[in-house]
1. Could you tell me how many degrees, from 0 to 90 and to the nearest 10, lie between the Cα long axis of helix 13-54 and the main elongation axis, the longest principal axis, of the Cα atoms of the chain?
2. Mind pulling the angle between the C-alpha long axis of helix 109-123 and the longest principal axis of the chain? Nearest 10 degrees, somewhere in 0 to 90.
3. Taking the Cα atoms only, what angle lies between the long axis of helix 74-101 and the longest principal axis of the chain, rounded to 10 degrees?
4. Hey, rough spin-label estimate for residue 148 and residue 75, points 7 angstrom out along Cα→Cβ, what's it come to in nanometres?
5. Compute the relative contact order of the chain as a whole-number percentage, counting only Cα pairs closer than 8 Å that sit 6 or more residues apart in sequence.
6. Just subtract the alpha-carbon distance of residue 32 and residue 103 from 0.36 nm times their residue separation and send over the number in nm, one decimal.
7. Would you compute, from DSSP H runs of 4+ residues alone, the mean residue ellipticity of the chain at 222 nm, taking -39500 (n - 2.57) per run and dividing by the full residue count, rounded to the nearest 500?
8. I'm spelling it out carefully: the read-out is Cα extents along the principal axes in Å, the candidates are (i) 111, 31, 26; (ii) 54, 41, 28; (iii) 82, 46, 29, and one was derived from this structure. Which label?
């Protein structure tokens, strides 16, 4: 029995139905992705707007961070953000480079076959999700019992 060609399959109703279903699934995934991105941006804008409405603009230019009085200075916000990002890069850059060098140069084929997909999946998880997980699970269940404090 000869293999069917593209011309033979072009009018096949089963194939057309399956193709429409797959095209619809891809379209739905694309729309869901865009909607989720828009919702994330709107949520961030809403939170930022609430902060900007609740804080006196003049307090942003003063020096001092007094959240109980509602006084926040912009310099502290920027410096803290840069400090956290810098520390994160100091930790992540050597670990990432080390993992990449190990996988490409030293790992056995079996180790590479196991570790590479795991790292690719971890790379796809947004850092905000990992931070939320750390805040809600790791901190209360692992950090607080070890250090006996309210972190």
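1. 10 degrees
2. 60 degrees
3. 40 degrees
4. It is 4.0 nm.
5. 7 percent
6. Contour length minus the Cα-Cα distance gives 22.1 nm.
7. Calculated mean residue ellipticity at 222 nm is -22000 deg cm²/dmol.
8. Answer label, from the structure shown: (iii).
Computed from the coordinates by the stated procedures, all read-outs in this text should not be read as laboratory data. For clarity, every value in this text was computed on a predicted model and none was experimentally measured. Cβ sites come from the backbone with ideal geometry, for glycine too, and all protein chains shown count toward neighbours.
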